[in-house]
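J.: Sharing a structure below in structure tokens format, with a few things to ask.
Just so it is clear, none of the values below were taken in a lab; they were calculated from the coordinates. The structure displayed is predicted, hence computed values, not measured ones. Glycine also receives a Cβ, built like all others from the backbone with ideal geometry; neighbour counts cover every protein chain displayed.
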Amino acid sequence: MPGILILLMLQLLPVYADTPVITVSIPPQAYFIHQIAGENRFDVNIMIPNGQSPAVYSPKPSQMMKMNRSDAFFLIGHPAFLFETKHIFPYVNRRKDIPVFNLYREALNVSYTPDDHDPHLWMSPILMNKMLKDLTRFLHEFYPEDSLLFRQNAQRLSEKIITLQDSIQHLIREHQVREFFIYHPSWGYFARDFNLSQIAIETRGHEPGPGHLMQISRQVHEHDHKKIIVQKGFNQKSAEALAHETGAGLAEADPLTYDWLESIRTMTTILVKP
């Protein structure tokens with residue numbers, strides 16, 4: 001019996017060995033690959049697990065080993081996304097032969113101007129919908145015979161994004177949402193897409209000073225919907241203290257959640273729910 005199991009494993013090994021490895025930085029990138037190509041066409045190596053802060057997380061040796069045998073990369077590419085600068089680009093820059101899909105460059109190509117200080121480009125539904133065609137072309141280079149299938153899957157995803165955008169616009173108008181308070185400013189592109197103001201407690205990775213906290217405290221006190229948005233993996237003491245002082249509630253919206261569409265829905269619910 002053990003001999004039969006070993007034989008079966010050896011027969012399956014070439015199948016797995018032939019699966020292209022794509023390294024990505026965060027779970028939402030894997031979501032887009034799976035939505036376009038299916039869950040089994042690529043072995044997606046996610047460098048930052050959900051629940052971890054990109055500012056402090058260091059990849060495990062197994063992740064680095066897998067990165068070193070990648071067939072392609074799907075990167076955020078923003079200069080302010082220092083995790084990639086430290087852990088991924090030193091390797092990518094040495095391997096000019098490996099194809100890279102760079103979201104930052106894609107944003108420039110489709111005339112979506114990035115903020116110099118905000119690397120969270122994937123939180124823009126407008127940008128992620130615009131980049132679908134180019135990402136699809138990038139992926140079907142590995143499976144030319146499935147080009148039509150990939151395009152159909154991308155079209156279905158695009159339709160879901162457009163429907164969600166329309167729903168968000170309607171809800172924001174209906175509930176007269178104009179701004180939101182957040183600890184880590186990771187939803188700036190979402191705010192831009194829907195003409196909202198993101199008011200952040202943390203500024204460029206630093207804890208707020210007393211003056212900044214007092215200013216935000218006054219704004220929260222004056223707000224009808226007292227709510228502060230927090231994220232897994234980040235120090236929440238300042239947000240908790242501010243919530244206690246102002247009577248605001250805390251709500252969690254995670255931009256690193258694998259299911260990108262669901263994370264956008266969750267954020268929308270937080271904004272419009274009393």
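J.: Set Lys and Arg Cβ to +1 and Asp and Glu Cβ to -1, take the dipole of segment 19-159 about its Cα centre, and tell me which of I88, I36, T136 lies farthest positive.
T.: Of the listed residues, the answer is I88.
J.: For segment 19-159, build the charge dipole from Cβ charges (+1 Lys, Arg; -1 Asp, Glu) around the Cα centre, then report which of Y57, N153, P119 sits farthest towards its positive end.
T.: Farthest along the dipole direction, towards plus: Y57.
J.: Where does the chain land at 222 nm, in deg cm²/dmol rounded to the nearest 500, when only DSSP H runs of n ≥ 4 count, each adding -39500 (n - 2.57), divided by all residues? Could you put the intermediate results ahead of the total?
T.: Working: 13 runs with 137 residues, N = 274.
That calculation yields -15000 deg cm²/dmol at 222 nm.
J.: Under 27 Å Cα to Cα from K86, which lysines show up? Leave out anything in the same chain fewer than 8 places away.
T.: Straight-line reach from K86, under 27 Å: K60, K66, K96, K232.
J.: Right, something else. Treat every Asp and Glu Cβ in the chain as -1 and every Lys and Arg Cβ as +1, leave all other atoms uncharged, and give the resulting dipole magnitude about the Cα centre to the nearest 20 debye. Before the final figure, lay out the partial values.
T.: Numbers: 26 positive and 29 negative charges, 58 e Å.
Charge dipole of the chain: 280 debye, to the nearest 20.
J.: Let me ask another. Return the long-range amide H neighbours of F101 (sequence gap of 5 or more, or a different chain), with a cut-off of under 5 Å between placed amide H atoms.
T.: Counting only residues 5 or more places away or on other chains, the set is F73, F74, L75.
J.: Which distance in nm do the two modelled labels at D115 and T203 give, with both placed 7 Å along the Cα-to-Cβ direction?
T.: 1.4 nm
J.: On to the next question. Separation between the E262 and V21 pseudo-spin-labels, each 7 Å from Cα along Cα→Cβ, expressed in nm?
T.: 2.8 nm
J.: Using the Cα centre as the reference, give the magnitude of the dipole from point charges on the C-beta atoms of segment 53-164 (Lys, Arg: +1; Asp, Glu: -1; all else neutral), rounded to the nearest 20 debye. Kindly include the intermediate steps, with their values, before the conclusion.
T.: On the way: 14 positive and 12 negative charges, 59 e Å.
I would put it at about 280 debye.
J.: Something else about it: Name the residue, out of L149, L135, L103, whose mean-square fluctuation peaks in a Gaussian network model built on the chain with Cα pairs under 10 Å.
T.: Result: L149 has the largest fluctuation of those listed.
J.: In segment 176-207, what trypsin sites (Lys or Arg not before Pro) fall in a loop by DSSP, with at most 16 other Cβ atoms inside 10 Å?
T.: Passing both the DSSP loop test and the Cβ count: R178, R204.
J.: So, one more: What Rg and what Dmax come out for the chain when only alpha-carbon atoms are used, in angstroms?
T.: 20.7, 72
J.: Using θ = phi - 60° and the Karplus curve 6.51 cos²θ - 1.76 cosθ + 1.60, what whole-Hz ³J(HN,Hα) does each residue of segment 98-110 get, with Gly and Pro shown as x?
T.: 8, x, 10, 9, 10, 5, 4, 5, 5, 4, 5, 5, 9
J.: Using a ≥ b ≥ c from the Cα gyration tensor of segment 19-159 (square roots of the eigenvalues), is it rounded, prolate or oblate, where a/c under 1.5 gives rounded and otherwise the larger of a/b and b/c decides, a/b for prolate? Kindly include the intermediate steps, with their values, before the conclusion.
T.: Details: a/c = 1.64, a/b = 1.18, b/c = 1.39.
Oblate.
J.: Just order 251-264, 220-233 by mean Cβ neighbour count inside 10 Å, highest at the front, would you?
T.: 251-264, 220-233
J.: Could you list which residues have their amide H under 5 Å from that of V21, counting only those 5 or more apart in sequence or on another chain, with H placed in the peptide plane?
T.: Residues meeting the amide H criterion: D43, D71, A72.
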